[in-house]
1. Residues in the range 68-110 that are under 18 Å from Ser45 (Cβ atoms) and not basic (Lys, Arg): how many?
2. Output the residues belonging to the range 67-111 that are closer than 12 Å to Ile56 by Cα and surrounded by 14 or more Cβ atoms within 10 Å (Cβ to Cβ).
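Every number in this text was worked out from the coordinates using simple rules, so none of it is lab data. These numbers were taken from a predicted model, which means no experiment stands behind them. Positions of Cβ are generated from backbone atoms using ideal geometry, with glycine treated the same way; all protein chains shown enter the neighbour counts.
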Amino acid sequence: MTKSTLALCVVILWPAMALAAPTEVSENQQAVVALAEAAAIHPPSTQTLRGVVDSIDERNDTIRIRLSPDRTEPFKVQDGLLFNAVRFGDPVAFSVQDISGFRTIVGLSKE
């Protein structure tokens, strides 16, 4: 069971548990509270980078960006409309998050 499913179950079942349980805080309620806190969804960390567009690969949903003279990295694209916004050689500032194990561009602007 995923954390989000567990959190949803806790949110739905919590009022019924509160009505059915005595006013004392039981061990079961403490366990449910602990699970709800553990299942809280934390937004992924965002990293802001700058570079120059090196290549665009729409077929694989990636943009390769030159971060420094000796370092080029491919990044997945969250929104396919970004392919229309940039061209080879454009200087860009972009936000990256780890989504499903891939460094993914979630925001991009030309400089």
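1. In the first step, residues of the range 68-110 are kept if they are under 18 Å from Ser45 (Cβ atoms); the result is 73, 75-76, 78, 93-108.
So of that shortlist, the ones also not basic (Lys, Arg) come out as 73, 75, 78, 93-102, 104-108.
Residues meeting the conditions: 18.
2. If the condition is that a residue be closer than 12 Å to Ile56 by Cα and surrounded by 14 or more Cβ atoms within 10 Å (Cβ to Cβ), then Glu73, Pro74, Phe75, Lys76, Val77, Leu82, Phe83, Val86, Asp90 are the ones that fit.
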